[in-house]
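Okay, so here's the structure we're looking at.
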Amino acid sequence: MAVRPVYVPRDDRPGVVVRSLDFEWFPGFSTAQKQRSIHSLHAAAEEAGIEPVLEISSKSPEELGVSLSAFHLSLADADGSRSCSVETAFQGSKVFERGGPFLDLLNGTSREAKQDERLQSSGRLLRFEFQGAAWPLKPRTYFYDWLYLSALEQQSGLRETLVGYRGFTDIEFNPKKSINCQAYSAALYVSILESGQSETILSSPASFLESLQDEYTARDELLARQHGLD
């Protein structure tokens, strides 16, 4: 057995409810084994009254879920002159004590960006720099969520499809080891859409943060407990 989160869009305010569910885990790295675990997790979600659920990862049994993986989801520059994946944008924006942002990562693959040794050897992470603006480390998932939601906003016709889902998962995400999660970001996006305030909330990073202060305060407290952060 294992425990993994299902991210449910809130309906009372923009935000996400995290439901941690027990399910049967099928060990192994193959896509077939991952999908057995996904089906098991989604069955547990259905028993908990959460359906339909979309798995967002490269192992998703649905083409939509694969395409929405941060490794595959494309994010274009403001002028549309260049695009990269959400993953490469995130990794390439990191600024450390001894280097960064490593903008060359934007020209490579998502896997190359995530595994670049400079991300581990450049000292303490200080901030993010993206498209000429600096981003703080806190709230802890603020920058990643903004990148992911910005990419979703660029996908024509996606809104109507996503709002049909009541939960989102990422079988590759272990909440004990990682902080940013594409399934959480997707659930947050749906909640924002259903609030009827998306034009205001998504109009700028500042408006996004101001509108989600309660959500991010609660989320940072949860992440601090899970990871022993200050």
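Do any residues in region 199-211 that are among the hydrophobic types (A, V, I, L, M, F, W, C) have Cβ atoms under 7 Å from those of residues that are open to solvent by 40 Å² or more (accessible area, probe 1.4 Å) and assigned to a helix (DSSP H, G or I), where the two are at least six apart or on different chains, and which pairs are they?
ILE201/SER211; LEU202/GLU153
Only residues that are closer than 23 Å to SER58 by Cβ and in contact (Cβ under 8 Å) with a residue 24 or more places away in the chain: list them for region 89-108, please.
ALA89, PHE90, GLN91, SER93, LYS94, LEU106
Under the condition of being farther than 17 Å from ILE50 by Cβ and within 14 Å of the chain's Cα centre (by Cα), which residue from region 176-188 is least open to solvent (accessible area, probe 1.4 Å)? Give the derivation first.
If we filter region 176-188 for residues that are farther than 17 Å from ILE50 by Cβ, which is where we start, we get 176-180, 182, 185.
Cutting the leftovers down to within 14 Å of the chain's Cα centre (by Cα) gives us 178-180, 182, 185.
Numbers: SER178: 49, ILE179: 45, ASN180: 44, GLN182: 18, SER185: 0 Å².
In this case the residue turns out to be SER185.
It is to be established whether one or more residues within region 118-141 are over 28 Å from GLU221 (Cα atoms), acidic (Asp, Glu), out of contact with any Lys or Arg (no Cβ under 8 Å at 6 or more places or on another chain) and without any contact (Cβ under 8 Å) to a residue 60 or more places away in the chain.
no
Can you tell me which residues in region 211-230 are under 14 Å from TYR189 (Cα atoms) and either at pLDDT below 95 or not in a helix (DSSP H, G or I) (or both)?
LEU212
Checking SER122 against (1) modelled with pLDDT of 95 or more; (2) open to solvent by 20 Å² or more (accessible area, probe 1.4 Å); (3) polar (S, T, N, Q); (4) farther than 13 Å from ALA70 by Cα, only one condition comes out false. Which one?
(2) is the only condition that SER122 fails.
Quick check on this structure: which one of ARG219, ARG127, ARG166, ARG225 is open to solvent by 50 Å² or more (accessible area, probe 1.4 Å) and under 21 Å from ASP12 (Cβ atoms)?
ARG166
Anything in region 75-119 that is among the hydroxyl-bearing types (Ser, Thr, Tyr) and at pLDDT below 95? List them, or say none. Break it down into steps so the answer makes sense when it comes.
First pass over region 75-119, keeping only residues among the hydroxyl-bearing types (Ser, Thr, Tyr): 81, 83, 85, 88, 93, 109-110.
The answer is SER81, SER83.
Taking region 1-30 as the region of interest, how many residues are open to solvent by 40 Å² or more (accessible area, probe 1.4 Å) and of a type in the set (Val, Ile, Thr)?
Residues meeting the conditions: 3.
Residue by residue through region 31-86, note down the ones that are of a type in the set (Lys, Arg), surrounded by 13 or more Cβ atoms within 10 Å (Cβ to Cβ) and free of Cβ contacts under 8 Å to residues at least 60 places away in the same chain.
Pass one, region 31-86, residues of a type in the set (Lys, Arg): 34, 36, 59, 82.
This time we only want the ones that are surrounded by 13 or more Cβ atoms within 10 Å (Cβ to Cβ), so: 34, 36, 59.
The one that is of a type in the set (Lys, Arg), surrounded by 13 or more Cβ atoms within 10 Å (Cβ to Cβ) and free of Cβ contacts under 8 Å to residues at least 60 places away in the same chain: ARG36.
Which of the residues belonging to region 166-210 are part of a helix (DSSP H, G or I), among the acidic types (Asp, Glu) and within 29 Å of ASP22 (Cα to Cα)?
If the condition is that a residue be part of a helix (DSSP H, G or I), among the acidic types (Asp, Glu) and within 29 Å of ASP22 (Cα to Cα), then GLU194 is the only one that fits.
The values are calculated or read from the model by the stated rules, or taken from the named source; none is laboratory data. Just so you know, these numbers come straight off a predicted model, no measurement behind them. Counting neighbours? That spans all protein chains shown, and the Cβs are built from the backbone with ideal geometry, glycine included. For the accessible areas, the whole protein counts, side chains as well, though only heavy atoms, and no ligand, DNA or RNA atoms are used. Shrake-Rupley method; radii C 1.70, N 1.55, O 1.52, S 1.80 Å.
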